[in-house]
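One structure is given below, encoded as structure tokens.
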Amino acid sequence: MNDDLEAQWMAAMRANDFERAWLINDEVRRRGTGGFDREKHQGPRHCQRIWRGEPLQDARVLVRCYHGLGDTLQFIRFAAPLRRIAREVMVWCQPELCGLVADVTGVDRVLPLHDGTVDASFDVDVEIMELPYALRATAAATGDPVPYLRSGCDIRQADSFRHVGLVWECGGWDLKRSIPWTALAPITALPAIRFYSLQPTACCGSLPILRRPETSIASLASFMTSLDLVITVDTMAAHLAGGLGLRVWTLLRSGCDWRWGDVGSTTPWYPTMRLLRQTVADDWTCLMADLAEDLGKLWPSVRAQTQERV
């Protein structure tokens, strides 16, 4: 994809104008650029263009998951509409996601991703992030199947506290998405809320943040269902909570990823998600202050106890 078409595509996706984005994809394919100018499966996986316009109807389709864990969780929603036209849907995905993906409507078979060749026969293959383009999905339809992930558990904790899960660090793809743990102090100081780290490893210093004993993604999904709210930066946990249909607040850095758009507090991808945006680049201070205030608005008992302590 040349720079001009890529900019147009990004602008279309940020505006949730999927129809325009697919037309741009068509033009890229017609020109034979942007990954379509090389043979399939050449170059880094996350740069590969797999689907070349082959018909999906009545086909055995292999879905390759070549991007991040969050990308797989976000786009696996399209397995259901794919299965409505395909004869079989096989998903070659990250091993740690196999259990969750196997329970998604439309998935017939799950295979653990590895560095070799997939052990399956198929008619057509497609990278999972190409599915909305291949299916000509509309922005209006993206939220229809939510929740599409299942945790196998939905037990709320019964006590006088509100229970909130926190994710403040992301992977190495974009470190600007992470929040220093010291910046969390304004919210973790709130009374009547118990905060839990939803990260397998992270320093939280002296902040009152409890840890989960298990670290698998399946156990994380189950634990999330016991919480009143998940607060997370832009990472896999946001897509997991959103796909489960849980209340989740996603904290975005300025100039965030295209999938979240440029403005607004809602997203067509996840109807139960609220977006909170950084107003000053690389500065989380104001957002944390606003977040503490919003938690008080959400739960008046938290605000009342906060005022009593002042």
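Couple of notes before you dig in:
- Any chance R212 is surrounded by fewer than 20 Cβ atoms within 10 Å (Cβ to Cβ), at pLDDT 95 or above and on the phi < 0 side of the Ramachandran plot: no
- Look at segment 14-28: where a residue is without any contact (Cβ under 8 Å) to a residue 24 or more places away in the chain and a partner is aliphatic (A, V, I, L, M) and surrounded by fewer than 18 Cβ atoms within 10 Å (Cβ to Cβ), sitting 6+ places away or on another chain with Cβ atoms under 7 Å, you get I24/L5; E27/L5.
- Meets criteria (in contact with a Ser or Thr (Cβ under 6 Å, 6 or more places away or on another chain), on the phi > 0 side of the Ramachandran plot and either surrounded by 19 or more Cβ atoms within 10 Å (Cβ to Cβ) or not polar (S, T, N, Q) (or both)) for G205: no
- Pairs with Cβ under 6 Å, 6+ apart, first in segment 279-299 and assigned by TED's automatic domain parsing to the domain that holds I179, second part of a loop (DSSP other than H, G, I, E, B) and among the polar types (S, T, N, Q): A281/S254; C286/T279; L287/Q278
- Criterion (in the same structural domain as K176 (by TED's automatic domain parsing) and closer than 25 Å to G172 by Cα) met by exactly one of R259, R247: R259
- Residues being under 18 Å from the mean Cα position of the chain (by Cα) and small (G, A, S) - total across segment 100-137: 2
- Residue check, D144 outside any strand (DSSP E or B), under 30 Å from I24 (Cβ atoms), without any contact (Cβ under 8 Å) to a residue 24 or more places away in the chain and not assigned by TED's automatic domain parsing to the domain that holds T266: yes
- Odd one out for P200, checked against (1) outside any loop (DSSP other than H, G, I, E, B); (2) exposed (fewer than 13 other Cβ atoms within 10 Å of the Cβ): (1)
- Some residue of segment 152-166 being in a loop (DSSP other than H, G, I, E, B), at pLDDT 90 or above and in contact with a helix residue (DSSP H, G or I) (Cβ under 7 Å, 6 or more places away or on another chain): no
- With respect to the conditions (1) loosely packed, with under 14 Cβ neighbours inside 10 Å; (2) at positive phi; (3) not acidic (D, E), G261 lacks only one, and its number is (1).
- The residue of segment 257-273 that is farthest from V146 (Cα to Cα), among those that are under 13 Å from the mean Cα position of the chain (by Cα) and among the hydrophobic types (A, V, I, L, M, F, W, C), is W258.
- Single condition H239 does not satisfy, out of (1) closer than 21 Å to E169 by Cβ; (2) touching a Cys at 6+ places or on another chain (Cβ under 9 Å): (2)
- If you go through segment 241-287 and keep only what is among the hydroxyl-bearing types (S, T, Y) and under 23 Å from V104 (Cβ atoms), you end up with T250, T267, Y270, T272.
- Conditions (1) assigned to a loop (DSSP other than H, G, I, E, B); (2) at pLDDT below 95: number failed by G245: (2)
Yes/no matrix, rows are residues, columns are (1) closer than 30 Å to F36 by Cβ; (2) in contact with a Gly (Cβ under 9 Å, 6 or more places away or on another chain); (3) among the charged types (D, E, K, R):
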{"site": "T117", "(1), (2), (3)": "yes, no, no"}
{"site": "E130", "(1), (2), (3)": "yes, no, yes"}
{"site": "F161", "(1), (2), (3)": "no, no, no"}
{"site": "G171", "(1), (2), (3)": "yes, yes, no"}
{"site": "K176", "(1), (2), (3)": "no, yes, yes"}
{"site": "I179", "(1), (2), (3)": "no, no, no"}
{"site": "Q199", "(1), (2), (3)": "no, no, no"}
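- Note on segment 122-150: residues that are at pLDDT 90 or above and either in contact with a Leu (Cβ under 7 Å, 6 or more places away or on another chain) or more than 25 Å from H46 (Cβ to Cβ) (or both) amount to 11.
The values are calculated or read from the model by the stated rules, or taken from the named source; none is laboratory data. What you are looking at is a predicted structure, and each value in this text was computed from that prediction instead of being measured. Cβ coordinates were reconstructed from backbone atoms using ideal geometry, including for glycine residues, and neighbour counts include every protein chain displayed.
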